[in-house]
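Taking it in order: structure first as C-alpha cells, then the write-up.
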C-alpha cells in the first residue's frame, strides 16, 4: 500500500521536484551564511581522551546537522561513519586521520596523508554510540542520495528523537522532494508536536493529526484522550474530542465509499463473466458451464501476450493489457465457436445434456491448460499504472487495478449494448431470443446466429479474464470460482436485457461485499442465495424477463 | 415398461454380489478370497450406485436434473458420522479434536439426537427429506425448472460446502469428522465391518432397484413420466404437478441420504469435499453415461465410471480427467440415452451394415 501510494503521487511528483529544486536553491543560499563546521576543533574533540569532550563534539555535530552545507554534511557523515567503524585514527598531537578503504586521509582536509605510527583508534563509548547513531541519521536525512536511505534515517530519528534539534525536521521537510520521505517527516513532526511541552504546539499537532483521517490516527487520538495526564488541560481535551469526531466522520464516509467501490468492482467482475452467459442462455436456453474456463483462457492468453511482448518488444510490455484486448477477444471467441460447432450445436433442445457436455468441456480445458502451463499461479508483470492507488478519504483507497476492472466492464457493457442495439447481428440475436421459429421463418440463419453469439459470449468472458488478471490469482482452476456466482446473476437478472444482467451483477456484488465485513464471506454467499431464491418467488423469470414467447 | 429384462439381470447380479461378498470376504470359499480393500471398494461403489439411482429417479423419472444431490448425500453422511462419534465417545470418553479446538467442553446438546441408532436412522430418513421439501416447495411452486432448477441446486450445494468449511459451524470444518470407533459393535476398519457395510449397501441398491421399478411402473411413475414429457399439459388436465414432483424429490433426497449414511463409515471420514459441486455433477454424469429412466442405467454408469476412476486415478492420475471428459462428450453426442442406448444403436448399425444377416426384430408394440 505504501508503494502504491508512492506511485499514485507520480502526477504530483513533477511539481514537487520543481518546488523542491527551488527550495534547495533558496536553502543553499541560506546555508552559505550558516557557520561552517570548525572541522579541526571537532576532530580534536572526537580524538579527546575525555568522554565528555567526545560527547560534546558529537552533540555539536547533531546540532549543526540541519545548518551545514551539503559539502559539510558529507564530510561530517564521513567522519561519523569512520568513527563508528573504528576507522578514525588520532595522532598524538590531536590530529585526526580517516582510514578509508582507498587509503588514509587527513580528517580535516580529506587530503591523502598517512597517520603516524603511534596514533590510536578510539572506540566510541556506549553513550557516544547512541548519539553517533543519531548524528549519522540526522546527516543522512540531508545528504543521502537515495530516498530509501533518507526514509530509513527519518525513521531512525523518529525512534530516538531526544536531543535532536527541533528545527531539523522542518528544515529537512523544506528541502525534501520525495513524497514518501516528506510524509514520514511530517508524521514525525506531528508526533513530536503531540508531546511538545507547549500547549499551542500540541493543539496544532492534534489538529494536524485530525486532518488526516485514518483508522490508525483515530486509535492514536483515542489512546491520547484516554490518558488522563495528557488530556488534563481542557483545551487539549476539547481539541482531542473535536479531532476524534472529525476523524470518525471521515472514516465512516471513507468506509461507505470503499464498500461501494469494492461492491462496484466485484459487480464489474461478475458482469464480465455473466454477460456472455446471459446472452447465450437467453438465445439458446443453454447454460454454459465452461464459461468460467473462457475467463481462465482469457487470462492465459493475456499472459501469453505479455510473454510475447517481453520477448519481442520489451518497450511495449507495460501496455500489454491494451495490446491483449483484440487478441484475447478473438482467440477466446474462436475457442467458443469451436465448442459451439463441435458440441453445443448437436445438443439443441437437450439443455440438460448441454450442462453435462459443457462441464466435460470445462474439465477438458482446465486439464489442457494444467498440462501445458502447470498448476501454479501465473506471475504477471503488472504494469506500474495498475499497481497501487490513491487514498481519497478516510481509509478509502481507489486502487488502479480495480478501477481498471470497473472501467473495462463499463466499456464492455457499452460495446455489448451497442452490438445488441445497433448492429444487424444484435438485431438477429434479439429476434432469435424472442422467437426462434419466427426468426427462422423470416430468413434469419439461426444456426449462424447461435454460433456468432456463442463466440461473442466466450470472447466477452475472455476479456473478463483480462480485466481480472491484475486482481485475481490466475491458475487453471480460477474459472470454477466464478461460475456459480455468474449463474446467480443470470437467474436474478433474467435474460431480457443486458441492463438486467448489469443490475443483478451490481446487486450481488454489493450484497456480497456489504455483508462480508459483518458476517463473513460465507454468510454473504448464503444470504445472497437465499435472497435470490426468495426473489424468484416474486419474479420467476428474473428482474427483467425476456419478452416474447419461449 | 422398457428395459424389463435389464432390471432382472441387474437384480440377479446384485443378489449374486450380496451372496458372494460375505463368502469371498471371509474366505469361506476355498482358494477364493477378496482382500478387504476390494470389499470396501465394492461397498463404496454400491453407495454411489444408490446415489445415482436417487438422481435418476428425478431426472429419468420426472425430467428434473438435480446438480446438488451431494447435499443430501453429505447430510446423511454427517448424521451418520455424528452417531458414530457419539458412540465412539461413549466407549472411549475422548472428545473429537475438532470440538476441543473450538473450545467446546463437550458435545453441543443437540448432538444427543445422534445418541441412539434408531433415532439417527429416523433423522437420516426425515431431515434431508425435510430440507428437500423446503427447497423443492419454493422452487417448484414458482415453476423453476429445467436448467434454472439444476443451477440453483448446484448453488445450494456450493453454499452448503462453504458453510461446512467453516470451523465454527461445529461439524469439524475443513478437516471433517473422523475417528470412528465401532460400527454396529464391530471395530471400524475391520473385515467384519467392511463386509457388513458392503453387504448392506448392496442390499440397499437391490431394494431401491426393485422398489424404484415398482414405483416407476405404478400410476405415480406414469404421472412422473408425463411431467417429464409435457408438464403444462398435465397441469391443464387438472393434476397438481407440484405435489407429484415434491414427492419424488423428497424420496430421491432420502435415497441419497441413505447412500451417504452407508458411505461414510466405509471411508471412515466425512468432510465438506462431498459437497463440492463437482461431485454432484459427476453423479449426473454417471447417470448420463449409464442411461436415464430405468434405474439400471444409473447403477451401470455409477459402477463403470467409479471402477474406471479408482483404477485410472491410481494408474494414470493426469489421464483420468481427459478420459472422463471425452467419455461424457462421446456419450452425450453419440448415445443420447447412455450406454443402454448402445444395445439399440448397435442393432441399427449392424442392420445398416448387413441387413440380411441378423434375425428380424419383432415388430414393436
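FYI, it's all coordinate maths here, none of it is from the lab. For clarity, every value in this text was computed on a predicted model and none was experimentally measured. We place every Cβ from the backbone using ideal geometry, glycine too, and count neighbours over all the protein chains shown.
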Reduced to Cα centres, the span from region A:215-233 to region B:285-321 in Å works out to 67 Å
Ranked by GNM mean-square fluctuation in chain B (Cα springs under 10 Å), the top entry among B:75, B:322, B:98 is B:322
Taking only Cα atoms of chain A, the Rg to Rh ratio with Kirkwood Rh works out at 1.17
For peptide B:161-168, the mean count of other chain Cβ atoms within 10 Å per residue Cβ is 3
Listed residues B:346, B:66, B:139; largest mean-square fluctuation, Gaussian network over chain B with Cα springs below 10 Å, found at B:346
Measuring from the longest principal axis of the C-alpha atoms of chain B, the long axis of helix B:191-217 (C-alpha) lies at a number of degrees, nearest 10, equal to 40 degrees
Output field shielding_mean for B:142-154 (other chain Cβ, 10 Å radius) holds 6
Computed over chain A, the relative contact order (Cα-Cα under 8 Å, seq sep at least six) in percent reads 17 percent
Fewest-first ordering of A:372, B:296 by Cβ atoms within 10 Å yields A:372, B:296
Partner shielding of A:339-352, as the mean number of partner chain Cβ atoms within 10 Å, equals 2
Region B:180-207 and region A:520-542 have their Cα centres apart by a whole-number Å value of 40 Å
Quick note, region B:4-276: a/c under 1.5 would make it rounded; otherwise a/b > b/c is prolate and the rest oblate (a ≥ b ≥ c, C-alpha gyration tensor); here it is oblate
Rounded to the nearest Å, the spacing of the alpha-carbon centers of region B:52-119 and region A:51-86 is 75 Å
Calculated from DSSP helices alone, with each H run of at least 4 adding -39500 (n - 2.57) and the total divided by the residues of chain A, [θ]222 nm to the nearest 500 comes to -24000 deg cm²/dmol
In terms of the alpha carbon gyration tensor, root eigenvalues a ≥ b ≥ c, rounded if a/c is under 1.5 and otherwise prolate when a/b exceeds b/c or oblate, region B:15-85 is oblate
Listed residues B:30, B:108, B:232; largest mean-square fluctuation, Gaussian network over chain B with Cα springs below 10 Å, found at B:30
Taking Cα pairs closer than 8 Å and at least 6 residues apart, the relative contact order of region A:262-396 in percent is 29 percent
The helix A:400-422 Cα axis meets the longest alpha-carbon principal axis of chain A at an angle in degrees, between 0 and 90 and rounded to 10, of 20 degrees
Neighbour-count ranking for B:309, A:86, A:525 (other C-beta within 10 angstrom, fewest to most) reads A:86, B:309, A:525
Once normalised by the length of region B:131-262, the mean sequence separation of its alpha carbon contacts under 8 Å that are 6 or more apart gives a contact order in percent of 30 percent
To the nearest 10 degrees, the tilt of helix B:147-165 (Cα long axis) against the first principal axis of the alpha carbons of chain B is 20 degrees
Ordered by fewest other Cβ atoms within 10 Å, a rough proxy for footprinting exposure, B:283, B:152 read B:152, B:283
